[in-house]
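First comes the structure, then the notes that go with it.
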């Protein structure tokens, strides 16, 4: 089922299916960034510049992060931002000898690096997801 919204960004209007978005980045100052599907184009909105679109995106983020039946959406704190990511759309994970887990956000090439000390719950959820979905473990 599609979740279509209309947002204005940089003098253009976009009609976007949020169900196709794989990750959202929320900054402490209230900006929300997401990347258009099949491109690296970021859309950055905030409450002041686009109140309706902003609220629709925030409602969607809350819906998928708290009510995800597949439990594939996770919240990750990284570099002072909070990312809400659909792990089902991540195509590769890397594990280094010092215990760092890395994955790349689809459509943006942004690496997310997590270690056990900084976010133990998220770290464990990702390891469990990898084991469950791929049959491989780190």
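The values are calculated or read from the model by the stated rules, or taken from the named source; none is laboratory data. On a predicted model such as this, the values are computed, not experimentally measured, just so you know. Glycine gets a Cβ as well: all are built from the backbone with ideal geometry, and neighbour counts include every protein chain shown.
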*Would you point out which residue out of 21, 44 is at pLDDT 90 or above and touching a helix residue (DSSP H, G or I) at 6+ places or on another chain (Cβ under 9 Å)?*
21
_Conditions (1) under 15 Å from the mean Cα position of the chain (by Cα); (2) in contact (Cβ under 8 Å) with a residue 40 or more places away in the chain; number of the one not met by residue 114_ = (2)
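Residue 83 - would you say it is over 30 Å from residue 15 (Cα atoms) and surrounded by 13 or more Cβ atoms within 10 Å (Cβ to Cβ)?
no
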*Looking at segment 87-107, is at least one residue touching a residue at least 40 places away in the same chain (Cβ under 8 Å), farther than 22 Å from residue 132 by Cα and buried (at least 16 other Cβ atoms within 10 Å of the Cβ)?*
yes
*Go through the residues of segment 10-18 one by one and say whether even a single one is in contact (Cβ under 8 Å) with a residue 12 or more places away in the chain, over 24 Å from residue 102 (Cβ atoms), in contact with a strand residue (DSSP E or B) (Cβ under 9 Å, 6 or more places away or on another chain) and part of a helix (DSSP H, G or I).*
yes
